[in-house]
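Please treat every number below as a calculation from the coordinates, not as lab data. The structure displayed is predicted, hence computed values, not measured ones. Reconstructed Cβ throughout: ideal geometry from the backbone, glycine too, with neighbour counts over all protein chains shown.
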Amino acid sequence: MVISDRYKYLYFVIPKCGSATVRHALAPFTDIGYPVSNFEEHVTIRRFLMKYDEAGRFPGHFKFTFIRNPYDRLYSGYRQDMRASTRWKQWIAAKKPIFDIIGDDFTRYLLEYVAHADIRNAWDWICFCPMVEFTHLDGKPALDWIGRTETLDRDLQVLAGNLGITLGEVEYLNVNVPPDADNPETPKYLDHYTHDTVALVNDLYGHDFEAFGYPMFDPRDFPKTL
């Protein structure tokens with residue numbers, strides 16, 4: 001969660017959607033942000049309203065976030081969990097036993113673990129929480145503006161205009177594979193997917209595809225195994 005009372009904004013941080021870059025760009029204007037002290041890093045709208053909005057910021061602040069193609073976001077979340085399982089005590093306890101069993105197997109991680117996890121509420125599965133939990137309330141859009149990771153550079157400038165701020169040079173953080181300059185909307189990690197994992201993503205994130213217009217692929221176009 002990133003908050004500025006000076007500039008009247010609430011950034012609902014969706015994991016694996018360029019948040020490190022966005023937080024860094026907004027740091028000079030942010031009053032409450034990363035590292036997190038008063039708020040969790042990733043807070044859904046409902047959780048924010050129930051637990052954190054004693055100050056009544058939600059009605060009057062400009063509310064925004066950034067989203068990402070669900071297929072790329074899920075693969076990025078998997079890589080993030082794998083890294084975290086070797087770096088931080090809490091994550092080591094939660095995730096290292098899983099990776100000790102499956103190794104570097106994205107397919108097994110999705111089918112054997114993500115498919116059965118409490119992705120909406122469990123802290124250790126937050127990277128897989130549907131994006132609509134951060135953007136919609138009771139099925140209806142609740143934010144004022146949504147940018148896209150695929151067009152992050154352009155959308156950061158649009159956001160700056162909405163907030164009435166001027167951003168310095170943007171430093172792109174945690175970007176391992178930049179988007180295709182000619183086709184930025186094309187997912188970067190489809191070659192890691194199989195028939196069954198595409199079907200799972202389509203099922204788990206159907207509301208994300210519908211709400212944000214990302215194309216949903218046909219599982220029949222993907223191999224049974226890699």
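Here is how the numbers come out for the structure above:
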read-out: Residue match in region 105-121 (condition: in contact with a Cys (Cβ under 9 Å, 6 or more places away or on another chain), within 29 Å of Phe222 (Cβ to Cβ) and either of a type outside the set (A, V, I, L, M) or touching a residue at least 60 places away in the same chain (Cβ under 8 Å) (or both)); value: yes
read-out: Residue within region 78-92 that is in contact with a Phe, Trp or Tyr (Cβ under 7 Å, 6 or more places away or on another chain), part of a helix (DSSP H, G or I) and acidic (Asp, Glu) present; value: no
read-out: Matching residues in region 1-41 - criterion: being in a strand (DSSP E or B) and touching a His at 6+ places or on another chain (Cβ under 9 Å); value: Ile3, Ser4, Tyr9, Leu10
read-out: Residues located in region 128-143, provided they are surrounded by fewer than 21 Cβ atoms within 10 Å (Cβ to Cβ) and touching a helix residue (DSSP H, G or I) at 6+ places or on another chain (Cβ under 8 Å); value: Pro130, His136, Leu137, Pro141, Ala142, Leu143
read-out: Those residues of region 26-68 which are of a type in the set (Ser, Thr, Tyr) and either within 21 Å of Val170 (Cα to Cα) or surrounded by fewer than 20 Cβ atoms within 10 Å (Cβ to Cβ) (or both), in sequence order; value: Thr30, Tyr34, Ser37, Tyr52, Thr65
